[in-house]
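Step one of this worksheet: look at the structure below.
The values are calculated or read from the model by the stated rules, or taken from the named source; none is laboratory data. Please read these numbers as outputs of a predicted model, since none were measured by experiment. Positions of Cβ are backbone-derived with ideal geometry, glycine not excepted, and every protein chain shown enters the neighbour counts.
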Amino acid sequence: MKVVGFTIVRNAIKLDYPVLESLASLLPLCDEVIVSVGKSEDDTLNLIKSIPTDKIKIVESVWDDSLRKGGVLLAIETNKALDAVPADADWLIYLQADEVLHENDRDAIKANMLKWKDDKSVDGLLFSYKHFYGSYDYLGDSHQWYKNDIRVIRNDKHIRSYKDAQGFRKFATPPTNEDLLNGGEKLHVKQSGASVYHYGWVKHPEFQQNKQKSYHKMWHEDEWLDKNVGHATEFDYATVQSLARFTGQHPLVMQPRIKTKNWEFMYDEKKKKLTVKERFFKLTQSLFGWRPGEYKNYKLV
């Protein structure tokens, strides 16, 4: 069974992405990892080149920043990395530059890839998500955080990155940019038995604010950015609705980064800002194990 990982990254240093930790968590599962590095305003390319392994293959790319609708630029760039994977790979593992896998989940991921390798009705594997917010001690637990997504896909050229590269869909013919936002068929997936540790909302408020400005440019014009993101120098983490304290153990590759955290974030769980709608969602989930209206870009089979 041949397994290839793939990811994209740009401005990793400027925006403080834990891409080294992400790749360190991915490499033990893979025979090869494709990293598409966008032309950056910092030394991201040399940062990736500095990783001491011969498994990584770098693809250099120039992002089209004029594409400012639906985050489709991220899907386009992810598909460039996807196109670079070798034809003889069985499974592909995708991580974003702020996502990390836990070493305790490797056996489950490997076992499920092997279990479903020859069953062509299975397009991929589904991962649960832990979304950290503000610091490494808290998880987002409101309805706004997606609960699951696909991170292992079959090596099938009809499967493409979808919308803002959060998930994947299958297309009968090469998709247009509009197709990547609105078309395709949902993938049929099995459970991976693993979680993705998502650290996209855990960084110094200054870096987080810079990330917001960069990120929203892929959705909105400058007028919207001025109104909704503004010109503040630091991100205000206090606007969050609801968090829960994390009581587990972070992946080992994250431990050095966690020890160097250089900002303070405090959250009083007794003062959660829950709307009536959010209270209903939480009650439904606690009683029945599901969330009404939850977005599911997959079919669990």
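A few points about this structure:
- Test for GLU60: is it of a type in the set (Asp, Glu), at pLDDT 95 or above and within 18 Å of VAL4 (Cβ to Cβ): no
Results for (1) within 20 Å of the chain's Cα centre (by Cα); (2) surrounded by fewer than 17 Cβ atoms within 10 Å (Cβ to Cβ), shown as yes or no for each residue.
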residue	(1), (2)
ILE58	yes, yes
TRP63	yes, no
ASP83	yes, yes
ASP90	no, yes
ALA97	yes, no
LYS115	no, yes
ASP123	yes, no
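- Just so you know, in region 135-154 the residues that are in contact with a helix residue (DSSP H, G or I) (Cβ under 7 Å, 6 or more places away or on another chain) and modelled with pLDDT of 95 or more include one that is surrounded by the fewest Cβ atoms within 10 Å (Cβ to Cβ), and it is TYR136.
- Filter pass, SER36 being buried (at least 23 other Cβ atoms within 10 Å of the Cβ), polar (S, T, N, Q), within 15 Å of VAL85 (Cα to Cα) and touching a helix residue (DSSP H, G or I) at 6+ places or on another chain (Cβ under 6 Å): yes
- Residue check, PHE265 of a type outside the set (Gly, Ala, Ser), assigned to a loop (DSSP other than H, G, I, E, B), more than 21 Å from the chain's Cα centre (by Cα) and under 18 Å from TYR133 (Cβ atoms): yes
- Region 243-256, subset assigned to a helix (DSSP H, G or I) and out of contact with any helix residue (DSSP H, G or I) (no Cβ under 6 Å at 6 or more places or on another chain), residue surrounded by the most Cβ atoms within 10 Å (Cβ to Cβ): GLN255
- Filter result for GLN285 (touching a helix residue (DSSP H, G or I) at 6+ places or on another chain (Cβ under 7 Å), farther than 24 Å from ARG68 by Cα and modelled with pLDDT under 85): no
- Reported count of residues in region 61-73, each being in contact with a Leu (Cβ under 7 Å, 6 or more places away or on another chain) and without any contact (Cβ under 8 Å) to a residue 40 or more places away in the chain, is 1.
- Scan of region 227-242 for residues that are without any contact (Cβ under 8 Å) to a residue 40 or more places away in the chain, surrounded by 11 or more Cβ atoms within 10 Å (Cβ to Cβ) and either within 25 Å of LYS163 (Cβ to Cβ) or aliphatic (A, V, I, L, M) (or both), ordered by number: VAL229, ALA232, PHE235
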